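Have a look at the structure below, then the notes.
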Amino acid sequence: MVFSSHIFLFYFLPLALAASLLVPRRLWLGVLAVFSYAFYGWANPAFMLLMMFSTLVDYVCGLWLAGEARRRLSEGTAGRTVREKLALWISIVTNLSLLGFFKYFNFAAENYKALTQHLGWAAPDFFLEVTLPLGISFYTFQSMSYTIDIYRGEAKAMRSFAGFAAYVSMFPQLVAGPIVRFQTVARQLRRPDRTWSAFARGAACFSLGLGKKVLLANPCGKVADLMFGTDSAGMLESWIGMFAYSFQIYFDFSGYSDMAIGLGLMLGFRFPINFNSPYRAHSITDFWQRWHISLSTWLRDYLYIPLGGSRRGDLRTYANLLTVMFLGGLWHGASWNFVIWGSVHGVLLAVERAMPGRSLWARLPRLLQVSLTFTVVSLAWVLFRAPDLAGAMDYYARLAGLGHGGELAALMGALVWKPLFVATMILAALVVWFGPTTLDWSRHLTAPKAVWSLAVFWGAALMLSVQKFNPFIYFIF
Amino acid sequence: MHRPNVDVPLKFPGSVPYASGWERTVVARPVAIGLSIVFCLGLLSVPAIDAWRGDWGAPVQAVRSGTGAVVRALSGDGPWWRRLLEANRVALAGIKKFETAVEDSSVAASAVRPATLDALLRHGGAGSEEAYVGGDGWLFYRRDVDALMRPEGAGKRAPEAIAEFAADLASHGVRLVFMPVPGKASIHPEHLGSGRAFDHPLMPVRWEALREDVLRAWKSEIAARGLQDARPPVVFDPARVLWNRKQMSRGDQYLATDSHWSPEAMEAVAADLAAVLVAEGAAPPMAAFPEPGSIWVSGLGDTARMLELPEGSPLRREQKVVIRPVMGIGGKPWMPDRWGEVVLLGDSYTNIYSSKDLGWGESAGLAEQLSRFLGVPVDRISRNDAGALEARRMLAAAAAKDPEWLRGKKVVVWQLAARELVEGDWSPVAWQGEVAASAGFFVAPPGHAVEVVASVAGVGLVPRPGTTPYADFLTAVHLTDLRDAASGKSLDGESLVYVFTMRGHRLLPEAALSSGQRVRARLSNYGDQAATLDSLNRGELDDVDVMLETPNFAPWIEPWRP
């Protein structure tokens, strides 16, 4: 189910909110899990079984880890026991195997087939075409962090299976994050934080998120779709298409995060923030501290630091950055485009780290730094949006003025220079560079802001009435 | 709830650094309560309005049929895992159907949709998911425009498929004339708002090379089949005729809010096509035909109708055109002639001005005008939309059912929308030999209707209203275990049935039919109404063998309640 759909907004959400208020507290987590499974099963009922399996494995491993830790402490044994390590590895291997199979099987099979063809061998005929379960990248990371944190002694195991199932499947952030670590919501799972102020702020965040998605991301997406769906666009229109996609992906994803955070607040949870005006970043390093924060923090804490982080010399640090961003790219999608996208960011992070404090970059005016960072990030988004590597290369050629748009470029121009698109792009730019984040804006909630958030909600609802389907970009990850 | 907070610190568990920002919410108590309540009332208002004024027939029907389908899948034959997979598949289909039904039957959404769309189109200028709007209020069917932008590689198989089809026909002694009709934006980019002046029509990619590509594919095709003496297919280009007319200031070649050509433009193309057929020796020489009279018809374009714009919208303006209905022998309206040597295989460009369902009069379409200019009877097989695959399938099916029919033909003119070249389905179509009606398939006797009780074994596509410019839609349904509704006596096993699932852009209860459902239906002989049904676009069954059977027409099918 999609947040920006009629069925979610006007049927599922009122029911879920009513349940959160009316159901006795001891039953609440079970009811939340039922709602979350219904939300998830709406996309494909079979996926529920997979999530239930992952949940069950981590729940059992969590209890096992906690029991072993208790025994170890009571016996005064130093260091982790073999059984603790086994429990941790069962959880990690199970989650990564699920992710690996469902997300990367087709990719691996395609590449294997291409390789064998290239070598002149008989091409294998794979009989499986694996369907990617929605949100698997998110909930496996989330679920895995639970057992890792228990192993590290940073979280306590949850006794209630319904509670743990509610944590893994929590519908507000299940499909596209933010990735919520267990200790972040552990207390709220036991005792939801429900106040008028939280509910009102949640409603405001949700409304603004919906507005970001429907009023900004979708029109920008139309411009991007036009430009990426043809090879007839001219150079200027191609640049506009690229920036339109930058705006689309930001407002789409941050809009989703705002809606998730808003829903969380209305249901009594506080999720971590996921975006902090990323296009105002003055470097790629700064960008990654502002973009998809819950993922970059997860990668930092569970991959970069265990690899040694920056503690083992410069070369090792660069290698770690490259590894993390390579895997981060692969996490986003099973295609070479994502791998290259992640690797490009990894190289840029390493280069920035290698640059001396008084480099040419550091001496540039901040405005130029921000503009160049945004342009570089946007250029990298081309890899994200293009259907394949060849498509991305074609698009880069067009950006460089080497395309063969010809006369149809004039027609493309006629389709893009429309009042709605021009106004949306200008508005998007203003919000990106001058607007407050949703979190800051909603911190001090005044009456005019309340009216404004309701107006945005209904404006978005009106737009939804003329749109058929509203998938979020990050749903496919 | 707890006592409402004013300036209440929201404690965040743990000390996760990136969670900063949640430290406090500052909100006055009345604002917090007011916003929360108004927000919730807003969420509830839509289901409340829908419950009060809405028609819940379709969603309820979707739930019933979906639940029934899941139960039947679970209790069916086969191993448990296969039943589970099937149940999952039908459950998913049921969920989608239910969600669509809820959205489409929402009174609240329907009430605001036309005005919102009108404002977006008129002031935003950006078009909708189905249409682009031009600077002067012209509406363009989005698929026609998008086809022009499609990148290299789209429709790669088209030349091979055309050559294969031409060779299939050639093996029966019939020559193919291929005629892709350009979309409105190809001839009138200026109405779309393009400031640039063009000196030729804008066509989809690889159009320039199409003729050579088809001939190249044709050569290898006839070499493989040993048909070296066969005459190659002709690629006829109506865009040139339309463009020349436009350049000679003969006005607009297309209707303002419809996706099709104007009657005069269509007539000009028919005249040119007739001349080409005669010159190529593909048809007998022209003979005089009585000059038709003129009739004014006014209508609203299919694109405007599809968008369901509000009454009074400047984009919803009716247009008046003059059509020239062709009279057949004895002054009766022209009819396709089953024994005509020329067959026109076409889509809605053929049906407009001929089929009154398209709203622009009748007896004055492309087949009629072609017949008039040629001076000979013309046979016609036409169906709106999907000209790349459906047209070939229809002709192959007609030939399979009655080989005698094809033996009398000399030329097949295959007209289709040019967008099909890049977005059409160019899969190969198998020409099966003569197919006799299967013994197990029931066909209602001509002139009679039979009420039956049966099980649904398969249902073809059902469109979503507002996504197709055609107002009516037929869906193929495969019925099994047929019994006479009155006597309970078993009939001839199975039946292929066409039923309306959409009329006037509105879904009918039949749109909720699903596999495994037990239904009651009234079946009549399809041939009785073929003249009106044949041209309508439809959702066929995936089962090609069933599609070769003689169909029935069902005016209604409803769930059976014993």
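The values are calculated or read from the model by the stated rules, or taken from the named source; none is laboratory data. Just so it is clear, the model here is predicted, and its values are computed rather than measured. FYI the Cβ positions are ideal-geometry reconstructions off the backbone, even for glycines, and counts take in every protein chain you see. These accessible areas exclude ligands, DNA and RNA; they are computed on the full protein's heavy atoms, side chains included. Shrake-Rupley method; radii C 1.70, N 1.55, O 1.52, S 1.80 Å.
Under a Cβ-Cβ cut-off of 14 Å, what is the net charge of the residues other than B:A271 that fall near it, where Lys and Arg count +1 and Asp and Glu count -1? Intermediate results must be reported in sequence, preceding the final value.
Numbers: positive: B:R240, B:R245, B:R250, B:R324, B:R372; negative: B:E264, B:E267, B:D272, B:E291, B:E368.
Result for the neighbourhood of B:A271: 0.
Using the Karplus curve 6.51 cos²θ - 1.76 cosθ + 1.60 with θ = phi - 60°, what ³J(HN,Hα) values do you get for each residue of the range B:137-145, in whole Hz, with x for Gly and Pro?
Per-residue couplings from phi come out as x, 5, 10, 10, 5, 4, 4, 5, 6 Hz.
Let's see if you can work this out: charge +1 on each Lys and Arg Cβ, -1 on each Asp and Glu Cβ, no other charges. What is the dipole magnitude of chain B about its Cα centre, in debye to the nearest 20?
Charge dipole, chain B, about its Cα centre: 1080 debye, nearest 20.
At the nearest 100 Å², what buried accessible area, both sides summed, do you get for A and B when the probe is 1.4 Å? The partial results should precede the final answer.
On the way: alone 21770 and 26960 Å², together 41720 Å².
Chains A and B together bury roughly 7000 Å² of accessible area.
In deg cm²/dmol, rounded to 500, what helix-only [θ] at 222 nm does chain B give when every DSSP H run of at least 4 residues adds -39500 (n - 2.57) and the total is split over its residues?
Numbers: 19 runs with 201 residues, N = 562.
So the calculated ellipticity at 222 nm is -10500 deg cm²/dmol.
Which listed residue (B:H172, B:P182, B:L210) has the Cα farthest towards the positive end of the charge dipole for the range B:155-210, taking +1 on Lys and Arg C-beta and -1 on Asp and Glu C-beta about the Cα centre?
It is B:P182.
Run the dipole for the protein assembly as shown about the Cα centre, Lys and Arg Cβ at +1, Asp and Glu Cβ at -1, nothing else charged, and hand back the magnitude in debye, nearest 20. Walk me through the intermediate numbers first.
Details: 99 positive and 91 negative charges, 1019 e Å.
Around 4900 debye, computed over the protein assembly as shown.
How many angstrom lie between the C-alpha centres of the range B:252-327 and the range A:438-477?
Measuring centre to centre over Cα atoms gives 46 Å.
Among A:L348, A:L415, A:F472, whose Cα sits farthest toward the positive end of the charge dipole of the range A:338-477 (+1 at Cβ of Lys/Arg, -1 at Cβ of Asp/Glu, about the Cα centre)?
Farthest along the dipole direction, towards plus: A:L348.
Given a cut-off of under 8 Å on Cα pairs at least six residues apart, what relative contact order in percent is computed for chain B? Please list the in-between numbers first.
Details: 1099 pairs, mean separation 70.1, N = 562.
Computed over chain B, the figure is 12 percent.
Relative to a virtual label point 7 Å from the Cα of B:W556 in the Cα→beta-carbon direction, which members of the range B:445-476 show backbone nitrogen distances below 16 Å?
Answer for the range B:445-476: B:449-454.
Hey, can you find the accessible area per residue of the protein assembly as shown for me, probe 1.4 Å, expressed in square angstrom?
Working: 41720 Å² over 1039 residues.
So the protein assembly as shown comes to 40 Å² accessible per residue, rounded to a whole number.
Find out how many positive minus negative residues lie around A:Q183, taking Lys and Arg as positive, Asp and Glu as negative, among other residues whose Cβ is under 13 Å from that of A:Q183.
Values: positive: A:R152, A:K156, A:R181, A:R187, A:R190, A:R270; negative: A:D149, A:E154, A:D301.
Net charge in that neighbourhood comes out at +3.
What is the projected area of the convex hull of the Cα atoms of the protein assembly as shown, averaged over all directions, in nm²?
Values: hull surface 190.2 nm².
Over all viewing directions, the protein assembly as shown projects a mean Cα-hull area of 47.5 nm².
Output ³J(HN,Hα) for the range B:104-111: one whole-Hz value per residue in order, computed from phi by the Karplus curve 6.51 cos²θ - 1.76 cosθ + 1.60 with θ = phi - 60°, and x for Gly and Pro.
Karplus values, whole Hz, x for Gly and Pro: 6, 9, 6, 5, 4, 5, 5, 5.
Mind putting a number on the dipole of chain A about its Cα centre? Charges go on the C-beta only, +1 for Lys and Arg and -1 for Asp and Glu, and I need it in Debye to the nearest 20. Could you put the intermediate results ahead of the total?
Working: 39 positive and 23 negative charges, 384 e Å.
So the magnitude is around 1840 debye.
Can you give the FRET efficiency for B:S45 and A:N111, using 1/(1 + (r/R0)^6), R0 = 30 Å, r = Cβ-Cβ distance, to the nearest 0.05? Mind dumping the intermediate values first?
Details: r = 52 Å, r/R0 = 1.73.
Plugging the Cβ-Cβ distance into 1/(1 + (r/R0)^6) gives 0.05.
May I ask you to derive the FRET efficiency for A:V60 and B:R24 from their Cβ-Cβ distance with R0 = 51 Å, giving the value to the nearest 0.05?
Values: r = 39 Å, r/R0 = 0.77.
It comes to 0.85.
Any idea which of A:W42, A:F102, A:L17 is furthest toward the positive side of the dipole for the range A:16-192, if Lys and Arg beta-carbons carry +1 and Asp and Glu beta-carbons -1?
Ranked along the dipole, the leading option is A:L17.
Which whole number of Å³ per residue matches the convex hull of the alpha-carbon atoms in the range B:331-402? Show your work: numbers first, answer last.
Values: hull volume 6.7 nm³, N = 72.
Normalising the Cα hull of the range B:331-402 by residue number yields 94 Å³.
Wrap a convex hull around the Cα atoms of chain A, take a quarter of its surface area, and give that in square nanometres. Please list the in-between numbers first.
Working: hull surface 106.1 nm².
Average projection, Cα convex hull of chain A: 26.5 nm².
So if each residue of separation counts as 0.36 nm, and I subtract the Cα-Cα distance between A:L22 and A:K85, what length gain in nm does that give?
Details: separation 63, 0.36 × 63 = 22.68 nm, distance 4.22 nm.
Stretched fully, the A:L22-A:K85 segment lengthens by 18.5 nm.
Using only the C-alpha atoms of the range B:120-423, find the volume of their convex hull and express it per residue in Å³.
Details: hull volume 41.0 nm³, N = 304.
In the range B:120-423, the Cα hull volume divided by residue count equals 135 Å³.
Could you pull out every residue, at least 5 positions away or on a different chain, whose amide H is within less than 5 Å of the one on B:G134? Hs are placed 1.01 Å off N in the peptide plane, and Pro or chain starts have none.
Here B:L139, B:F140 satisfy the definition.
Using a Förster radius of 41 Å, what is the FRET efficiency between B:R483 and A:T131 based on their Cβ-Cβ separation? Nearest 0.05, please.
0.55
For chain A, what is the calculated [θ] at 222 nm in deg cm²/dmol (nearest 500), taking -39500 (n - 2.57) for each run of four or more DSSP H residues and dividing by its residue count?
On the way: 21 runs with 324 residues, N = 477.
Dividing the helical sum by the residues of chain A leaves -22500 deg cm²/dmol.
For the pair A:V422/A:A78, report the inter-label distance in nm, with labels modelled 7 Å from Cα in the Cβ direction.
It is 7.4 nm.
Evaluated at 4 °C with a viscosity of 1.567 mPa s, what Stokes-Einstein diffusion coefficient in µm²/s does chain B have when Rh comes from the Kirkwood expression over alpha-carbon pairs?
Values: Rh = 26.6 Å.
Answer, rounded: 49 µm²/s.
Evaluate 2.2 N^0.38 Å with N set to the residue count of the range A:198-476, then give the Cα radius of gyration divided by it.
On the way: Rg = 19.6 Å, N = 279, 2.2 N^0.38 = 18.7 Å.
Taking N as the residue count of the range A:198-476, the ratio is 1.05.
What's the longest bit of chain A with no exposed GluC sites (Glu not before Pro), using DSSP loop states and at most 16 other Cβ atoms within 10 Å as the test? Intermediate results must be reported in sequence, preceding the final value.
Details: sites that count: A:E129, A:E154, A:E407.
Between exposed loop sites, the widest span is A:155-406.
For B:A364, which sequence-distant residues (separation of 5 or more, or a different chain) have an amide H within less than 5 Å of its own amide H, given hydrogens modelled in the peptide plane?
Distant-sequence amide H within range of B:A364: B:V326, B:S354.
Spelling out what I want: for every residue of the range A:157-174, take phi, set θ = phi - 60°, compute 6.51 cos²θ - 1.76 cosθ + 1.60 (Karplus), and round to whole Hz; glycine and proline get x.
Rounded to whole hertz, the list is 5, 9, 7, 6, 5, 4, x, 5, 4, 5, 5, 5, 9, 2, 4, x, 10, 5.
For B:V413, which sequence-distant residues (separation of 5 or more, or a different chain) have an amide H within less than 5 Å of its own amide H, given hydrogens modelled in the peptide plane?
Under 5 Å from the amide H of B:V413 lie the amide H atoms of B:V177, B:V343, B:L344, B:L345, each far enough along the sequence or on another chain.
On the principal axes of its Cα set, how long, how wide and how thick is the range A:1-136? Give whole Å, largest value first.
65, 57, 19
Quick check on my link table: of A:K113/B:K97; A:K156/B:K96; A:K213/B:K156; B:K156/B:K219, which ones sit more than 29 Å apart, alpha carbon to alpha carbon? Don't skip to the end; give the middle numbers.
Values: A:K113/B:K97 37 Å; A:K156/B:K96 40 Å; A:K213/B:K156 36 Å; B:K156/B:K219 18 Å.
Long pairs (Cα-Cα over 29 Å): A:K113/B:K97; A:K156/B:K96; A:K213/B:K156.
Could you work out the local net charge near B:G504, counting Lys and Arg as +1, Asp and Glu as -1, over the other residues with Cβ closer than 13 Å to its Cβ? Provide the component values of the computation, followed by the final result.
On the way: positive: B:R305, B:R503, B:R506; negative: B:D302, B:E308, B:D357, B:D472.
Every neighbour counted, the sum reads -1.
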